[in-house]
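A short worksheet on the structure shown next.
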Amino acid sequence: MYAWTSEKPYIEFHAGRKVRKVSPNFAHGVVQTAVAMILHRCGHGLGNALTECHFDMSIQLGSKTILVPDVAFIRRERTFGFSEDYLQIPAFAPDVAVEIRSPADRQGEREWKIATYLLAECPLVLDISPKERTIVAHGSNGRLAFSRNETFVHEAAPWLQFDVNEAFVDLDRLTQ
């Protein structure tokens with residue numbers, strides 16, 4: 001296990017470049033928790049929802065690339081045969097990667113990470129904006145935008161269907 005995995009701030013490697021992961025704000029944390037619960041509920045029995053888990057995609061991408069999505073999902077069958085130690089930092093992209101926007105995001109970094117997940121064969125990347133209350137789904141067939149009062153559904157993860165409001169309901173309660 002890498003020494004830096006359990007310490008905050010988390011460190012990512014972007015094509016060999018060491019980058020400190022942006023620390024989330026309050027709204028980010030509220031939405032992160034809601035999305036993790038949605039993935040857990042919708043994917044129950046299919047796999048695992050994870051928060052702040054490192055994924056080493058260096059082999060797929062040809063340079064040291066370790067990313068820490070805010071929330072991720074891995075199908076159960078992808079973990080069969082691997083030791084618990086190996087799964088501390090899986091050497092593959094998740095099935096669903098979730099990046100939640102924060103005011104401190106560095107320009108261009110989120111876009112780079114989304115493109116990188118897709119290059120590493122992550123089937124679905126969700127770009128979530130707590131401020132706008134939107135979810136943009138990125139997959140191999142392009143992007144789809146979802147907003148309030150819509151049902152999220154995507155061909156890359158047909159098991160993942162939910163009311164978009166659910167991702168933001170706790171945040172909405174705080175601002176009322």
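The values are calculated or read from the model by the stated rules, or taken from the named source; none is laboratory data. The structure displayed is predicted, hence computed values, not measured ones. Note that we place each Cβ from the backbone using ideal geometry, even for glycine, and neighbour counts take in every protein chain shown.
Can you tell me which residues in the stretch 99-116 are within 12 Å of D70 (Cβ to Cβ) and either crowded, with 21+ Cβ neighbours inside 10 Å or in contact (Cβ under 8 Å) with a residue 60 or more places away in the chain (or both)?
Once the filter is applied, which keeps residues that are within 12 Å of D70 (Cβ to Cβ) and either crowded, with 21+ Cβ neighbours inside 10 Å or in contact (Cβ under 8 Å) with a residue 60 or more places away in the chain (or both), the stretch 99-116 yields E99, I100, R101, S102, D105, K113.
Regarding T79, is this residue among the polar types (S, T, N, Q), at pLDDT 85 or above and either closer than 24 Å to S129 by Cβ or surrounded by fewer than 19 Cβ atoms within 10 Å (Cβ to Cβ) (or both)?
yes
When residues of the stretch 121-138 are filtered for being of a type in the set (S, T, N, Q) and closer than 10 Å to E99 by Cα, how many remain?
Of the residues in the stretch 121-138, 1 are of a type in the set (S, T, N, Q) and closer than 10 Å to E99 by Cα.
Can you name the residue in the stretch 120-141 that is within 17 Å of the chain's Cα centre (by Cα) and surrounded by fewer than 14 Cβ atoms within 10 Å (Cβ to Cβ) and is also farthest from F92 (Cα to Cα) among such residues?
Residue satisfying both the conditions and the ranking: S140.
Are there strands (runs of 3 or more DSSP E) fully within the stretch 16-104 with at least 3 residues that are among the aliphatic types (A, V, I, L, M)? List them.
Hits in the stretch 16-104: 71-75, 96-100.
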